[in-house]
1. Work through the residues other than V34 whose Cβ is under 13 Å from its Cβ and net out their charges, Lys, Arg +1 and Asp, Glu -1.
2. Order the peptides 62-73, 18-29, 41-52, 113-124 from the highest to the lowest mean number of other Cβ atoms within 10 Å of their residues.
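We did not get these values from a lab; they are worked out from the coordinates using the rules stated. All of these numbers come straight from a predicted model, not from anything done at the bench. With ideal geometry, Cβ positions are generated from the backbone for all residues, glycine too; neighbour counts draw on all protein chains shown.
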Amino acid sequence: MAASPDLASETPRGSAPALTLAGLAALLASGCCVAPLVLALAGVSGAWIGQLRRIEPYSPWLMGLSFLALAVAGWRLYRRPAAGAACAIDDACRRANAAGRRWFWFVVGLALVPVAVPLAAPLFY
């Protein structure tokens with residue numbers, strides 16, 4: 001059974017763009033501090049790793065962008081569908097939403113790494 005055009009227009013857009021933006025912002029925010037450590041532990045070295053410190057001044061802004069994108073993605077994933085929406089009727093949206101929620105919590109963990117590493121680093125010195 002095909003959905004009517006007005007029901008299709010009421011379905012919420014996916015949270016994939018917000019999750020992608022949050023993940024990229026978290027990776028860039030960790031580029032100054034976490035990435036050199038991970039690269040050194042993996043055996044990758046070189047003078048170019050010192051250049052990653054250039055994005056350190058942007059790290060708080062990137063983390064803010066990451067958490068804002070996560071808030072948008074969480075709102076899109078966890079809000080209740082409208083009463084007449086097609087997703088309220090069919091089970092396919094529930095399965096897609098479960099996969100999106102797993103990715104959401106993975107990206108939340110990824111975004112918390114740049115916040116937790118500077119807090120935990122003094123414990124290792």
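1. Neighbourhood net charge equals 0.
2. Ranking the peptides 62-73, 18-29, 41-52, 113-124 by packing returns 18-29, 62-73, 113-124, 41-52.
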